[in-house]
Every structure is written in structure tokens, then in C-alpha cells.
Amino acid sequence: MKKNKGISVICNLKACGGKARRRWLDFLAMATQAGFSIDFHITEYHGHATVLTRERLAKGADRIIVFGGDGTLNEALNGMIEKDRPINPDLRLVYLTAGSSCDVAKMFSNPQTLLQRISDGQDYLVDVGKVECLNARAEKVTRYFLANSSIGVISRSIEKFNQNRAIMNLLKRINIDLAAVSAGIKTVLQFENMDSRISFENCPFATRKIKNITVFKCPYFGGGMNYGVATNYNDHHLHVATIDAMDAIHTFQMIPLLYSGTILKSPQAEYHRVQSLSFNVPGQNVPIETDGEIIGFPPCRYTILPELIHLVV
């Protein structure tokens, strides 16, 4: 596209504990100097990016540009899809990374500059994960994700990480990993193991006592933690890691293995590569997280939607 064409951006200035505000001003100055005319709308509440995306699509937009973190990108993604199909099959989702960890971008070895992304940036046709679950009112909902989804000690930690509290926002500004570890420590001391029921690929349910389950396309999460699995944005599979039940002391001992990417070598961890799975924790109120956002509760079902969205990153 030509540089004198206007650019419309959905912008989350609260991403990365507020660091996104400074990053936005720097980007705005850089883009303006490069000849772009930038129009933008700042998100004001949880889910606002989904609303803004739908508004842009109703006006005939051929791409959605998001400045923020994985959570903001996830909201936009969910505004682009209806009944497992993109509202416009040629639509492009442009990710201007400005969040805490930006795990979605870690699936790509050669990310483009932000200016390249808003110009003629290369797009990738990526798989999308789908999760059907219950919201806080016990109503059935469907959500889509690009990077990962977790249930258990990790989702509870992310719930704490996302809390808009002064001490957490301060830790994020100092160091994202420090904030993630702080939320994790508090959660490990409080979180019980889950009496779960898991079914892979429509097989009979198996009852297992676990600490966490993660369904992912990208092995990275929460800053520098990762599962050490080679995945691809269009491999047509969901990757699943489960961590067995254990007490707080042993859970703390597992954290360094997440940062070194070696946790799946532990006998307490298990890995699967699937296209669908169902999960439940009867009698326990454990949140489901997708791409850094709390979206509902089990029982839930995960499936893969191969090569569904054009992503520019």
C-alpha cells in the first residue's frame, strides 16, 4: 500500500503495565515521520477491542491493526470470526507488539518492523485454536486463540498477573518476569490440585489428578517460560502439556524447568499432539486462560481450525 494512505489502529495504552503508552508515542512519531497518517482508537475496557473490530468490519475494513499485547490481539481476533470462519476471508490481522510478553510473535523467527507491518507487511496464514466453555453466568461461549490456553495453576497465576493493582503494575514496569514470578508464587501457595477428566481425540475420559494443563500453538508463555517443544503456526495440531499433581514445594522446583524449556523431560509432565480434547474439573471453579485473558470455566472442548487467519507480524 502507499504510505500516504491512512492507517487506523486499535490501541491499548495499558498494555505491559502501562509501558505501552510510551511505546505508542514513539511509534506514532516514527510512523508520522515516515509519511503515514495515523487514526487510532484507544481501548477503554475489557473486550473493547472486539467491539472496535466489529465496527471496523461493518465499515468494510480489509485489515485490523492492533497495538498492544496478546490479550488485545485476542480480543480483535474474536471480533473477526463468526461460526469458525473469518467474517472476511481476505481480512488481515496486523500485530504491533507492545505487550508484556507478546507470545504470538515468538512463533515467527523473523518478525518485521512495525513500519513494515503497517505498509506491505508479509502475512502468514495461521491456525487458530477454538475453545468452547462456560462463562461466569454458566452460559456456553466460544473463544478463539493464537498462542496458548491454560487451566490450573498457570491460569490462576495469570488471573493474578492481570489484576489492576498498584504493586503488580509496578513490578511489570520494573521487569515482566519478576511480575510473573510474583503472581506465580502467590498462586502456588494457595492453589489446590485438580481432580480432572481428560479426553483426547474423542477417546473415553480418563480421570487424573493434575496441577495444570496447557493447550498451545506457541510453546512460550508468561514472558520467558516455555515448554521446549518445536511447534509451527500452521502445523494443523494443538500441543498439550499436563503437569501432575504435587505439593507447593515440588511445584516451586518445577518453575526453573519452565524457564529452561526442559519441563517436559520431567516424569511429572506429559505431552500430547492432538486435534481435539475435552476437559473438566467437576466441583472446582478453575478459570480458563487464552492468550493472557481469562475467558471462562470448564467443562470445555478444544479443537483446531487450520490456516484460518492472515496474520501480519
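Of the residues making up region 129-164, those that are of a type in the set (D, E, K, R) and within 15 Å of Ile185 (Cβ to Cβ) number 3. The single condition among (1) within 22 Å of Pro256 (Cβ to Cβ); (2) aliphatic (A, V, I, L, M); (3) surrounded by 24 or more Cβ atoms within 10 Å (Cβ to Cβ) that Leu146 does not meet is (1). Checking each residue in region 217-240 for being assigned to a strand (DSSP E or B), among the hydrophobic types (A, V, I, L, M, F, W, C), over 17 Å from Pro298 (Cβ atoms) and touching a strand residue (DSSP E or B) at 6+ places or on another chain (Cβ under 6 Å) picks out only Phe221.
Conditions tested, residue by residue: (1) modelled with pLDDT of 95 or more; (2) assigned by TED's automatic domain parsing to the domain that holds Cys218; (3) among the basic types (Lys, Arg); (4) within 28 Å of Arg21 (Cβ to Cβ).
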residue: Gly79; (1), (2), (3), (4): yes, no, no, yes
residue: Leu93; (1), (2), (3), (4): yes, no, no, yes
residue: Lys106; (1), (2), (3), (4): no, no, yes, yes
residue: Ser109; (1), (2), (3), (4): no, no, no, no
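For region 78-94, the set of residues classified as aliphatic (A, V, I, L, M), buried (at least 18 other Cβ atoms within 10 Å of the Cβ) and more than 17 Å from Phe145 (Cβ to Cβ) consists of Leu91, Val94, listed by residue number. Filtering Ile309, Ile288 for residues that are surrounded by 16 or more Cβ atoms within 10 Å (Cβ to Cβ), β-branched (Val, Ile, Thr) and touching a Gly at 6+ places or on another chain (Cβ under 6 Å) leaves a single hit, Ile288. For the subset of region 89-126 comprising residues that are in contact (Cβ under 8 Å) with a residue 12 or more places away in the chain and of a type in the set (Gly, Ala, Ser), which member is farthest from Pro219 (Cα to Cα)? That would be Ser119. Evaluate the following for Lys209: is it charged (D, E, K, R) and touching a helix residue (DSSP H, G or I) at 6+ places or on another chain (Cβ under 9 Å)? Considered against the rule, which asks whether it is charged (D, E, K, R) and touching a helix residue (DSSP H, G or I) at 6+ places or on another chain (Cβ under 9 Å), Lys209 comes out as no.
Within region 35-71, if we keep just the residues that are in a helix (DSSP H, G or I) and aliphatic (A, V, I, L, M), the residue that is nearest to Val313 (Cα to Cα) turns out to be Ala49.
Take region 1-19 and flag every residue that is at pLDDT 90 or above and over 16 Å from Arg56 (Cβ atoms). Result: Leu13, single match. Evaluation of Asp195 against the conditions (1) assigned to a strand (DSSP E or B); (2) touching a Phe, Trp or Tyr at 6+ places or on another chain (Cβ under 9 Å) shows that the sole unmet condition is (2). Taking each residue of region 146-175 that is assigned by TED's automatic domain parsing to the domain that holds Gln284 and looking for partners that are among the β-branched types (Val, Ile, Thr) and part of a helix (DSSP H, G or I) with beta-carbon atoms closer than 7 Å, six or more apart or interchain, yields Leu146/Val104; Ala147/Val104; Val153/Thr187; Val153/Val188; Val153/Thr251; Arg156/Thr187; Ser157/Thr187; Lys160/Thr187. When region 180-213 is filtered for residues that are in contact with a Gly (Cβ under 8 Å, 6 or more places away or on another chain), surrounded by fewer than 21 Cβ atoms within 10 Å (Cβ to Cβ) and either closer than 24 Å to Gly71 by Cβ or not assigned by TED's automatic domain parsing to the domain that holds Ser278 (or both), only Phe191 remains. Of all residues in region 37-72, count the ones that are in contact with a Ser or Thr (Cβ under 8 Å, 6 or more places away or on another chain) and more than 25 Å from Ile174 (Cα to Cα). Final tally of qualifying residues: 10. Consider region 106-122 and keep the residues that are surrounded by 19 or more Cβ atoms within 10 Å (Cβ to Cβ) and of a type in the set (A, V, I, L, M). The one that is farthest from Ala147 (Cα to Cα) is Ile118. Evaluate region 247-269: report whether one residue or more is touching a Leu at 6+ places or on another chain (Cβ under 8 Å), of a type in the set (Ser, Thr, Tyr) and closer than 30 Å to Pro204 by Cβ. Yes, the conditions are met somewhere in region 247-269. Taking every residue in region 246-262 that is outside the structural domain of Gly224 (by TED's automatic domain parsing) and pairing it with any residue that is loosely packed, with under 13 Cβ neighbours inside 10 Å, at least 6 positions away or on another chain, yields no pair with a Cβ-Cβ distance below 6 Å.
The values are calculated or read from the model by the stated rules, or taken from the named source; none is laboratory data. Quick caveat: nothing in here was measured; it's all calculated off a predicted structure. Ideal geometry is used to build each Cβ from the backbone, glycine not excepted, and the neighbour counts take in all protein chains shown.
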